[in-house]
Structures are given as C-alpha cells and as structure tokens.
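J.: Structure in structure tokens, see below.
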Amino acid sequence: MTNHWIDLRNADVIMIIGSNAAENHPISFKWITKAMERGAKLISVDPRFTRTSAKAHLYAPLRSGTDIAFVGGMINYVLNDMEANPGNYNMEYVLQYTNASLIVNSSFKFTDGLFGDLKSGKYTADAKKTWKYADAKTPATDMTLKDPNSVFQLLKKHYARYDADTVCNITGTPKGAYLEVCRTYAQTGARGQAGTICYAMGATQHTYGVQNIRTYAILQLLLGNMGIAGGGINALRGTSNVQGSTDQGLLANLLPGYLNVPVEADTDLNAYLTRTGKSPDAAITPQNLAGDKSVNWWGNARKYMVSMLKAWYGDAAIKANDFCFSYLPKTDPAVNYTHIGMIEAIGAGKIKGLWVWGQNPAAGGSNSNGARDALGKLEWMMCADIWENETAAFWKRPGVNPAQIGTEVFLLPMAGSFEKEGSVSNSGRWVQWRYKAVEPPGEARPDLEVLNEMMLKLKELYAGDTSPKAKTINDLVWNYGEISSEKVAMEMNGCNLATGKLMDAFGNLKDDGTTSCGNWLHCNQFSYDANGTMINNAKNRINVDDHPKQIGQYGGWAWCWPMNRRIIYNRAAVDLDGNPWDAERPVVWWDSTDPKAKSGWVGDIIDGGGDAINVAKAGDKRLPFIMNKEGVGRLWGDALAEGPLPEVYEAWESPLEKNLMSGQKSNPCAFIGTYMNPQGTPDKFPYVCTTYRCTEHWQTGIMTRNLPWLAELQPEMYVEMGEDLAGAKGIRSGDKVVVSSARGEVNAVAIVTKRFQALKVDGQTIHHVGVPWHWGYAGMSKGDSGNILTPHVGDANTSIPEFKTFLCNVVRRA
Amino acid sequence: MATAHERTIERFKKRTVWFHWINTVAFVTLLVTGMFLFLPGLGIVAQDSITRVIHRVAAVIFVLGPIVYFFTNPKMSLHFIKETLTWGKDDFQWMKAAPDYHFSGDENKMPPQGHVNTGQKMWQGVVIGTFILFVATGTVMWFFKGEVSSGVFQWCLVIHDLAFIAGFAMLLVHIYLGAIHPRMERIFSFHAGWEDIRTLCQGPLRQMVR
Amino acid sequence: MAKAILFDATKCTACRGCQVACKQWNELKAEETTNRGTCENPPDLSPDTWLKIKFAEVSKNGNGAIDWLFTRRSCMHCTEAACVTVCPSGALSHHKLGYVDYNKDKCTGCGYCVEACPFKVPKTDGGNLTGIRKASKCLFCRDRVTNGLQPACVTTCPTAALQFDERNKLVTLGRDRVEKIRSTYPKANLYGEKELDGLHVMYVLPYSPEVHGLPVDPKVQTATEARDLLKWVGVGAVAAVVAVAGLNFLVARARMIQASKERGES
C-alpha cells in the first residue's frame, strides 16, 4: 500500500474494486467502518455482490475482466469534467506533480488496439521508442495542457472512446449505477477531499492485471489522491507476509528491495544499473515545472547493490571484482521464470528438483491437473510445510497410481507462525515483530533453522572445490552461529563495516564497499537509544497517534519502510509552498520554525528530503515522485510490456467473439502456457467463471481445512451461481453439481443466489459462476480444487495467472 | 384382628389389592418426582435428571398396571368404570349429607350406598380422569417434545399440572378419609405400628362389619 | 450497573470471528456440517453452538437492488426471561449485571426453557427417551465480564459491530445510530430496547425485525405464565385440603369423644 490500514479511516470515498475486503481482509473493515462513521462513502465494484457490497453505499456489477473499461470510463468522465469544471479539481497537482504536461514523441501511434509493431508477443524496440517523451532527458511541457502531443491530450484522446454507453456495453453495468460511481468518485478530485482505491487479486489476476492497476494510478493522479491521507493506491496483499516476501525479492524477477534480477547481457554492475534504468544519469528533468529537480531515487541503486553484495560475500566482495556481481545468477530474458513458466519447464523435463517452501502449487497455482502432472516429471521434490498438502501428496492423489510416479518426495515438518520468532510485514509496509508462543509439535522446526543447516551443509559439500561456480557458495558469508531472525534482521538493516554500528538510513549507504546492507528498505529498522542500546523498532508497540493532527499515524507502533514513513509520496500532499492541500488531514507541512520539525517538515517523514519547492534553492526544488526518473507521477508510462496506456482487451477465454473496443481481441503480450492447457470456447463453456476466497478459509485451505471450527463454517467445496442460470439448468441450492472448463472438472455444492445477476453485454446475456479455490484432496475437509478449472496463462508483465476470468459449464450431477 | 363378635368379608380380591398398591407406589413416585419440577426451589433435587428418569420408569408402571389389570380382569375393570360413571339420586343425597356425617357422625341423612360410597366414587372418577390426562399429556411431553410446537408442549404441561393438583388434593382426601378420619373404622389407630402396616399391605380393605 | 451487548447489523460483515471466538473461549467443539446451499453454518444453535450469524438475501427497498443481511443469533438475555420463569431448579437465573445466568450443574434436563424461550435459544444435548440431558446457551462470558473484560465475541469483532457497555449507554448509542441510518433505511429500529422489559442484547436493525428473522414484539407465552400461576394454585389447593382435613379431624374427634362420654364410655 502507498498508505496503510489505519489511514483508510481518513478517506471520503473508498472504492473497493477487484477486492472483497470484508471477507478476505476483515480487519480492514475496522478502519473502513470508521471512515463510514465519519460520512465516507463506500463503493463496491464486483461481478458478485459480496459481504463487502453488503456494506457499500454503491454497488456496481461488472463482467469479470472488464476493469480497464470500467476505470477507463471513469478516467474519461474525469477528464471531461476537468475541462468543464476545473475548479472542482486540483489542477495545480495535475500540472506540477504529474506528467500531464509533458510532450510525448510525435511518432507515437495507437492503431486499433495496438501501440506499435509486435514481434513474437513483444513490442519491438522501435515501437517502444515511440512511447518515450519527445525529449528523453529534459522533456518539454505545455502548461496549458492543450498540445496534442501532451500526455494530457493523448490521455484524453485515448479514453474518448470510453464513454459511459460503450463502457456499460462491455462491462454489463447498469448505466445509472455506473454514472453514480463516476460522479461519487470524481468528487474526490477536489482539494481537501480524499479518495482511496483498495484492490486485491480481482485486479491483478488477469492477463492485463498490471494494466488494471495502471488505470488506478492514472485516476488517482488526475484526482490528486496520491500522497495524501485517505488516498493512495492500496494493494490489499493476498497472504500474510507476502509483503515481506516481495520486499525480500521472493519473485523470479526481483532481488531484495525491489532491485532487478540481472540478465546475461549485464556484463558488470554498471551495465546492469544502466539497463535497468537505476543509475544516477537516468534522471529525466521536465522543463518549466516549478520543481526543477528529479531526485531519481533509484539512481542510488548502486549503493544498495554494493551494500547487499557486501552483506552476502563480505570480504570477498571488493571493488576490483565488481563486488562479486558476477556471482549473481543471470537470467535469460527469453525465458519465463515465474510460477507458470516454472511449471511449464518442469513439465518439459527441464527441472530435476524442486524446493517447495510453504507453498502448494498442486492446488494454489492455475491449471491444477497440469501442475500435478508436471510434478510427476521431477526427479525429486522437497516440501517444507506445516501440513502434508496437495503438493506433498501429489504422488498419491486420487486417480493416480503411485507406482507410476518416479518423483522422490521429502516432506519436512515446519513450525507454524506462532511457534517461532520473527517479523511479518503487513500490506501497509509495517514490519511487526512477533514472538514464539508455543513449541512446535513433534519434529517440526522453524524454516530459518532448516535453511541455515542446509546452507551450512551446502558449504560443507563445496569446501575445497576451487571451480568458479563453487566460489559463489564458498565466498558466501554465512556465520550466524546460532541463527535467529533478529540476526538476519540486523543484517538486512545493514551496518557500517568499519565501526560495526547499525545503519540508520539508506541515504548513508555507500557504493565503495564500506557499508553492508541485506535489504536497503529495512535500513533504519534498528536504532540506538540514548544509552547506546540497540532497539529493533519492529518490536515497538506505542499505542499513541503521534501525528500532530491525529491522522492515525502511530509512528511508535512497529516500524515501516522506508524510514518509518507511513504515507509515501507525501511530498505530493502539499502545495508548492509546502502547505497541505487538506488542512483537516494533513500528512506533512513545511514549517522550519516548528521545534518538532525534522528537516523543516512537520508530521510524517518527508519523502525525498529537501525544502518545499518554492522555498528551496534553484536546482534543488524536488519533485514529489522520487522513485520515477522524471520525478512526477506517470499518467503516461513507457516501462510496461503492452503499452503506455491501459487498453481494453478480452481475457484469454472470453464469452465474446470479439473485443468491442478494438480489433485486437486479447492482450498481445500475455504469457500463454502450453502444458496441458487447452483453451475453452463459449460454445462448450458458455458461462464466465471466476475464482475467489471466503473469509473462513485461506489460500489452498491447508491450515483452515484442518481446523474443525473453520471447517464447520464452510464444510464443502461450493459454486455460486445466479437464480436465472440455476433455474435454466434445473439446479437448486444444495444440489451437487459439476463445474467444468477446458482443463478439467470439479464437484461442488450449488449455492443459488441473488448476488450473481445476469449481465447484458452487447445484446448477450452473460452468466457468472464463482468457485472458491480453497479445497483439495489433502487435509480434513476434502474437496475438489477450484484451480483445476483455471488457465495456465499470465499477465504480460508479471505472469500472474488469469485466475479471475475464464469459461466454464455447470451441470447438475445426477 | 377379628374379635368374637366380628366377621370379615372379602371386599376386594387379592389381585385388586396388589394392583391398588402397585399403582399407589407408582403414583406417589410420580407425584414426588413430578413435584420437584413443579415447586420452585425443589427443582435442585432433580438436577442431573435423576428424578426425571425415575418419573419415566414409574410412568411406565403407572400406565402398564391398569392396562395389564384391564386385560386380565376385564369384567371387574369394566364394572369399576361403570360403577364410577353411574350416578343417581342417592349420590347427590350423599353429598348433601356428607359434611354433617364427617364432622358430627350424623348418619341419619345418609342414603344407602353400593359397593363404594359416593365419596369413593368421586375419587375413582378423579383417578380415571387424571389418569387419562396424565398419560395423554405425559406421552406428548415425553415422546413428542421437539415435534409439537412449544405452545402445545407448554399447554400439555399446564394440563399435567392441573391434573397433578386435582389428583394430589384428592389423594390427600382419599388417604384422610381412608385411614385418618376418626369416624372411619380404621385399619390402624392414629398411632400406627408396624403390625398395622403389615396388615395394611396384606388385606387392608377388608371392611370390618359391625 | 446493568450491562448489555449492542449488535449493529449495518456494521457486521459476517466474518464470523464472533462464532469462532465463542467456541474457543467456551471450549465448544465444532459440529459436523454440510453445505446446504448457503454460507450459513451450523444450521442452528446447539449445545455446541451458542452463537451464530444468520444470512438473508433480501430486496433492498424494493427497487431491484439487493441487500445481504447478517444477523446475530444467540441468547437475548431478556429482562422478562421466560426461561428463568420456567426453570424448576433455578439453574437459569438473573445475574445482577442483568444477563441471564445459567448453572449447568443445577440443570434438570426438563427442557422447559427450550419450549418457553420466545427466541428458541436454549438447546439440550440428550434425547427424549431417557430424558437425561443438559441445556446450553450463551453465558454472556460471565467469567470475562465479572473480571473487567468484555465478552469474547465483542472483543474479537473487527468492525465494532458488537459493543459491550452499560445498558443505558448502549440504548443511547443504538438510538443515535438508528436515527443516523434512517435516511437509507426508513424501517431502522433498535430491537430489544423495550421488548420483554428490555433485552440485554440489543440490535440496531436496518429493516423491521421479521426481515432479520427476529420475532416482532416477542412475548412470554400465556402457557408459560399460566404454569407460573399454577404453582400457587397447587400450593393453595393442597393447603386448603390439609386445613379442612385438619379441622375436620379435630372437630370429628372431639365430637366422638363427646358422644362416647355421653354414652357413658370412659
């Protein structure tokens, strides 16, 4: 989240889209309820009327997978309203803090759904060049926003096709409800009004999921909602500590701290930094804005990389050997290393062995039958988990003969989260330390201890081996002694290698090898008190709102990254003089005379340092969006796979014959898997199926389906469908039915409900059907896995599977 | 004990006596165990359902007794019922004469009586009437609790309670008139000894005839 | 000072944390359930389930929009408690904090409370044949509330749909909330404010009670009240008989002695 959980209570309008927060993030509703008590309006946008919708003032149904049309239409609404009634919007924010005024390359062309030429599912380098600003280093701007090549006008032109009638024809949303949503949300564009967008997997799990999120960014920037209290783009993370996992780089394309994984072509550290755009000279400085300095924070990446390499390789990492940069594994850009790519590779026999830590690909990834089949191609697999889940038991699953599966499976029992000590990072980036409550049962052990032993064993195996590959193990610093989470946390925080003192700020990290830091984001998690005693700030539990205007900051409760800054991009929460847009709920304000001020700013930790723009010296007037090269928020962005602006595409399996917006039916850059992944068509699979979670179970249910109190609440795999569809198929609530897709079928109990309404899309009636993905053949409460139905296709940028939209059929079981 | 100038007649057959006492024991058991659920404060004795189980066991005996007796002594049973339901002038006369008789011993207004006097007939009526009510409502409450509505259940309770009140009150009268009233040729003196109780059990209803 | 729980149906998200917290605190076991075509489970209260949330899909103000109502179901802790009236052993009683207390040890298993309760809350755990059983119901977390804590359900509720406080404060809070939501829900009401002399579990309801599955203007059944009265009738009848018999005995004996004296018998 750019903001955090408590901050939700500051919003005036909360739009929950692609999320069912009441069911899947129930505690969020503590704060959302408080916001509503203050008069805030809640909007729920969802194909299904959920427990979230039951609390909302406005509910708007939409066909699963049509978010870009929906939000694109809101963008269109706002752009038109902005031109008609600029006084209702914060035009100063739009002009000074976004790239609305920047002039784009005049060779940019958008034709019938495409942004240039494609080659093998990727836009060519030439095409991508046309997405850049006309002047790549110091873009010209038009502060009147009238230049046809200005971002603003290009945005307007692009979304002019997204009028309410066209949008509602695509999404199936009743027009009255749709316009009510647009009107209500657009009101947050006024100064002193805050709108927040809360989203989760409903937004991300599509072949164009990242573009879904881009539409929120565009909308929020136009409405001046980034950086303010009660605003922001708030990802409600899908798992406890998935925030922690992405922070530590547990994704195929990341290193800790959201640094990029290097590729083969990165011959050295500097080449890598240049390629990834994370070098000091990557800064882009727009002309004529009041802010004249783009801080280009990623330009510091060299310091973070070097400090991280020093943490890993210690004394072996020196300037002469580029700090052991060559030791890092390099990827091949043509290969997809993400979950789908990995399963495909396993299926193709390219991967011999697999470590599965607290993960359940046999039920949690898409296309379960394909995944389960692929696992059988492994020579060996290690599963570390607190229960024997579907993955660990894949070789003895119903319908297979274990004698025919050659995979050797090791199941290591692991300690649960209350049986060990360490931190969990929540969606709001808060790192909260937790303690061990009970001993793990039997032989179960904390993951950290097991990993430590494995690494020490690995080092033992390679000791004496002088080959180059062995150096990556032998030179690795691994001297924890009796390992503890706190020791690792301290390493992540980093230290001054000369003095041994823990680092207090990543701003002080160096690229000369004198500092060490496992993860620059966690720098500042530790500090020293007046007596010089080390404090792990993740342990803090001061239950006091320490913000002068009581916006729910609680800076003394736990510690968040970066630098305990609770609301990021908060530089955009003030005007050019440093005065807050919202006097009632300010985040920061410039007042160098205030004794409580830190570097002249009162309130939250200021983003990017420096003085207020109009106060600062020329050349140091810092633009607010410090993580962007151009320093301003990107309405227009050139960094994503499928283009600078989100555009409507249909899902890989769509009930429609064509895309109603253009001739390009689906995302040309989506990742399409081929392993046991047939594509379904509407003639055989006429209904739109979506998958989701319920409050009572979690993920693949491996914890919750083994807990009697939760199995009592939701005992069986079910499918929800509307009354119209059920009536037509002769299905009543409680009937046993079979839901099928091109990839498999699942048995489920039918819940016939008013909450799925048939939608009218381009004259067609679209029926939705929804299944949870919590069940599997392992555990106490057994059932078929929803992911048997889902397709092995993924987002163009992240490859996150398209769990949320595909085609299915439903029949009553005789 | 019969004296020289006395003779005894067999008023009630042995099996009738047996039946009477078995029924009495069952009835008193039912009465006592039922009372624990009736009077506030006494219910504590009934905790853990012990007395309620006893109530059920006694109920079975209470129901089976008359049924077995009826089928083994149909003529006597039918006679008993007919006797109870036959009311005439003499019965109303008895009722008018009863207060004087029972308080002052004045027999003059007493009309002739049959095998049983009117007072006993009234008691028999209460016995049969409450039996029907107890068994009907008891059956509903025992076997159909949860199937009948709560209103029906609770009204059955009310009727069961009323039958209990009527039955218990009349039982006290029955015991009083049968064994305590100074005028009745009692089986035992007011100060009963064990000898008398044995006599009571063996064949108490052999009316002494003067 | 009498305490109460206020349940605000407009804030409940049916997370069912309360259902599970109740089971956890009271060490109640999970029931074996099936999916009956609804998210709602278990089907009803039972000896092992003292609290549940009911789900109902209804039409929202009749204009095609729908609403999904989540309503708490548990002991209402009535002031005029039918169960206390009928309980023969005093197992059910009123606590000075206002809730209906229950001492399982004293329970006779008669099941009268099951029949008398207007909300059908108490449930017994044995069959009819032997009649050996005990009743169960929400205990208002008495071990918590008598030790300065809030009931488990209230403590766990994330949205503060459940609140615990002095009853008169919650009445004010409930009334204010009802006023606040009336523009959206014209039939909003504070259920339990006056019903049965006041319930110690009150509800802010957006719709009228029957839409939420709650009885409108619940009353103690006439049969229950009749039974209550009968105790005194019974005692009176027996006392009358004993009195008359006693009098009769004394009078009759006196006259007999008198008569025998007159006849010359000593």
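J.: If I ask for residues that are crowded, with 22+ Cβ neighbours inside 10 Å, facing chain C (nearest Cβ under 10 Å) and of a type in the set (A, V, I, L, M, F, W, C), which ones from region A:32-53 would you list?
T.: A:32, A:49
J.: Among the residues of region A:286-308, what is the count of those that are over 22 Å from residue A:140 (Cβ atoms) and crowded, with 24+ Cβ neighbours inside 10 Å?
T.: The qualifying residues number 6.
J.: May I pose another question? Using the structure shown, decide if residue A:187 is surrounded by fewer than 24 Cβ atoms within 10 Å (Cβ to Cβ), in contact with a strand residue (DSSP E or B) (Cβ under 8 Å, 6 or more places away or on another chain) and farther than 21 Å from residue A:69 by Cα.
T.: Spelling it out, it is not the case that residue A:187 is surrounded by fewer than 24 Cβ atoms within 10 Å (Cβ to Cβ), in contact with a strand residue (DSSP E or B) (Cβ under 8 Å, 6 or more places away or on another chain) and farther than 21 Å from residue A:69 by Cα.
J.: Additional query: Hey, residue C:197 hits all of (1) loosely packed, with under 14 Cβ neighbours inside 10 Å; (2) without any contact (Cβ under 8 Å) to a residue 60 or more places away in the chain but one; which does it fall short on?
T.: Here residue C:197 meets the rest and fails (2).
J.: In region A:96-149, how many residues are closer than 29 Å to residue A:569 by Cα and basic (Lys, Arg)?
T.: 5
J.: I've got another one for you. If I filter region A:429-465 down to residues being touching a strand residue (DSSP E or B) at 6+ places or on another chain (Cβ under 7 Å) and of a type in the set (Lys, Arg), which single residue comes out as nearest to residue A:542 (Cα to Cα)?
T.: Only one residue tops the list, namely A:434.
J.: Among C:56, C:14, C:2, which is the only one that is in contact with a Ser or Thr (Cβ under 8 Å, 6 or more places away or on another chain), more than 10 Å from chain A (Cβ to nearest Cβ) and among the small types (Gly, Ala, Ser)?
T.: None of the other options fit; the residue is C:56.
J.: Among the numbered criteria (1) surrounded by 22 or more Cβ atoms within 10 Å (Cβ to Cβ); (2) over 30 Å from residue A:157 (Cα atoms), which one does residue A:646 miss?
T.: With (1) surrounded by 22 or more Cβ atoms within 10 Å (Cβ to Cβ); (2) over 30 Å from residue A:157 (Cα atoms) applied to residue A:646, the lone miss is (2).
J.: Can you tell me which condition residue C:41 does not meet? The list is (1) crowded, with 16+ Cβ neighbours inside 10 Å; (2) polar (S, T, N, Q); (3) more than 13 Å from chain A (Cβ to nearest Cβ), and all the others hold.
T.: Going through (1) crowded, with 16+ Cβ neighbours inside 10 Å; (2) polar (S, T, N, Q); (3) more than 13 Å from chain A (Cβ to nearest Cβ) one by one, residue C:41 breaks only (3).
J.: For region B:87-121, which positions are in contact (Cβ under 8 Å) with a residue 24 or more places away in the chain and in a loop (DSSP other than H, G, I, E, B)?
T.: B:87, B:105, B:114, B:115, B:116
J.: Does any residue in region C:19-33 that is within 8 Å of another protein chain (Cβ to nearest Cβ) come within less than 6 Å, Cβ to Cβ, of a residue that is part of a helix (DSSP H, G or I) six or more places away or on a different chain, and which pairs are these?
T.: If the second residue must be part of a helix (DSSP H, G or I), the pairs left are C:20/A:709; C:23/A:709; C:30/A:708; C:30/A:709; C:30/A:712; C:31/A:712; C:33/A:712.
J.: Where in region C:87-194 are there helices (runs of 4 or more DSSP H), lying fully within it, with 3 or more residues that are away from every other protein chain (no Cβ under 11 Å) and free of Cβ contacts under 8 Å to residues at least 12 places away in the same chain?
T.: By residue number, C:167-181.
Residues are listed down the side, and each one gets a yes or a no for (1) in contact with an Asp or Glu (Cβ under 8 Å, 6 or more places away or on another chain); (2) of a type in the set (Lys, Arg); (3) more than 8 Å from chain C (Cβ to nearest Cβ); (4) touching a residue at least 12 places away in the same chain (Cβ under 8 Å):
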{"position": "A:716", "(1), (2), (3), (4)": "no, no, no, yes"}
{"position": "A:720", "(1), (2), (3), (4)": "no, no, yes, yes"}
{"position": "A:726", "(1), (2), (3), (4)": "no, no, yes, yes"}
{"position": "A:734", "(1), (2), (3), (4)": "no, no, no, yes"}
{"position": "A:751", "(1), (2), (3), (4)": "yes, no, no, yes"}
{"position": "A:758", "(1), (2), (3), (4)": "yes, no, yes, yes"}
{"position": "A:763", "(1), (2), (3), (4)": "no, no, yes, no"}
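J.: Here is a further query. Please go through region B:132-151 and give me each residue that is small (Gly, Ala, Ser) and either surrounded by 14 or more Cβ atoms within 10 Å (Cβ to Cβ) or under 15 Å from residue C:110 (Cα atoms) (or both), ordered by number.
T.: B:136, B:138, B:146, B:150
J.: Kindly establish whether residue A:209 is surrounded by 24 or more Cβ atoms within 10 Å (Cβ to Cβ) and more than 18 Å from residue A:638 (Cα to Cα).
T.: When the stated conditions are applied, residue A:209 does not pass them.
J.: Another question, then. Out of the residues in region B:137-153 that are touching a residue at least 12 places away in the same chain (Cβ under 8 Å) and among the hydrophobic types (A, V, I, L, M, F, W, C), which is farthest from the other protein chains (Cβ to nearest Cβ)?
T.: B:140
J.: Against the definition (aromatic (Phe, Trp, Tyr) and outside any helix (DSSP H, G or I)), how does residue A:337 come out, yes or no?
T.: yes
J.: With C:52, C:23 as the choices, which residue is out of contact with any Leu (no Cβ under 6 Å at 6 or more places or on another chain) and assigned to a strand (DSSP E or B)?
T.: When all the criteria are applied, what remains is C:52.
J.: Could you look through region A:3-31, keep only residues that are buried (at least 22 other Cβ atoms within 10 Å of the Cβ) and among the β-branched types (Val, Ile, Thr), and pick out the one that is nearest to the other protein chains (Cβ to nearest Cβ)?
T.: Only one residue tops the list, namely A:16.
J.: Quick check on my filter: what residues within region A:306-328 are in contact (Cβ under 8 Å) with a residue 60 or more places away in the chain and closer than 17 Å to residue A:258 by Cα?
T.: Matches in region A:306-328: A:306, A:307, A:308, A:311, A:312, A:325, A:328.
J.: Please determine whether any residue of region C:214-221 is without any contact (Cβ under 8 Å) to a residue 60 or more places away in the chain and either within 14 Å of another protein chain (Cβ to nearest Cβ) or outside any strand (DSSP E or B) (or both).
T.: Within region C:214-221, one or more residues are without any contact (Cβ under 8 Å) to a residue 60 or more places away in the chain and either within 14 Å of another protein chain (Cβ to nearest Cβ) or outside any strand (DSSP E or B) (or both).
J.: To continue, here is another question. Tally up the residues in region A:649-691 that are aliphatic (A, V, I, L, M), crowded, with 24+ Cβ neighbours inside 10 Å and farther than 22 Å from residue A:344 by Cβ, please.
T.: Within region A:649-691, residues that are aliphatic (A, V, I, L, M), crowded, with 24+ Cβ neighbours inside 10 Å and farther than 22 Å from residue A:344 by Cβ number 1.
J.: Of the residues that sit in region B:53-70 and are under 12 Å from residue B:19 (Cβ atoms) and free of Cβ contacts under 8 Å to residues at least 60 places away in the same chain, which one is surrounded by the fewest Cβ atoms within 10 Å (Cβ to Cβ)?
T.: Out of the qualifying residues, it is B:67.
J.: Further question on the same structure: Under 7 Å between Cβ atoms, which residue pairs at least 6 apart in sequence (or on different chains) link something in region B:30-41 that is within 10 Å of chain C (Cβ to nearest Cβ) with a partner that is surrounded by fewer than 18 Cβ atoms within 10 Å (Cβ to Cβ)?
T.: B:35/B:42; B:36/B:42; B:36/B:45; B:38/C:231; B:39/C:231; B:40/C:231
J.: Right, something else. Among the listed residues B:76, B:122, B:110, B:141, identify the single one that is in contact with a His (Cβ under 8 Å, 6 or more places away or on another chain) and among the hydrophobic types (A, V, I, L, M, F, W, C).
T.: Exactly one of B:76, B:122, B:110, B:141 is in contact with a His (Cβ under 8 Å, 6 or more places away or on another chain) and among the hydrophobic types (A, V, I, L, M, F, W, C), namely B:141.
J.: Here's a follow-up. Evaluate region B:76-97: report whether one residue or more is within 11 Å of chain C (Cβ to nearest Cβ), under 20 Å from the mean Cα position of the chain (by Cα) and surrounded by fewer than 17 Cβ atoms within 10 Å (Cβ to Cβ).
T.: Scanning region B:76-97, I find no residue that is within 11 Å of chain C (Cβ to nearest Cβ), under 20 Å from the mean Cα position of the chain (by Cα) and surrounded by fewer than 17 Cβ atoms within 10 Å (Cβ to Cβ), so the answer is no.
J.: Filter region C:59-86 for residues that are charged (D, E, K, R) and touching a strand residue (DSSP E or B) at 6+ places or on another chain (Cβ under 9 Å); which is nearest to the other protein chains (Cβ to nearest Cβ)?
T.: If we take residues in region C:59-86 being charged (D, E, K, R) and touching a strand residue (DSSP E or B) at 6+ places or on another chain (Cβ under 9 Å), then C:67 is nearest to the other protein chains (Cβ to nearest Cβ).
J.: Among the residues in region A:24-32, are any on the phi < 0 side of the Ramachandran plot, modelled with pLDDT under 95 and not hydroxyl-bearing (Ser, Thr, Tyr)?
T.: There is at least one residue in region A:24-32 that is on the phi < 0 side of the Ramachandran plot, modelled with pLDDT under 95 and not hydroxyl-bearing (Ser, Thr, Tyr).
The values are calculated or read from the model by the stated rules, or taken from the named source; none is laboratory data. The shown structure was predicted, so the numbers you read here are calculated from the model rather than taken from an experiment. We place every Cβ from the backbone using ideal geometry, glycine too, and count neighbours over all the protein chains shown.
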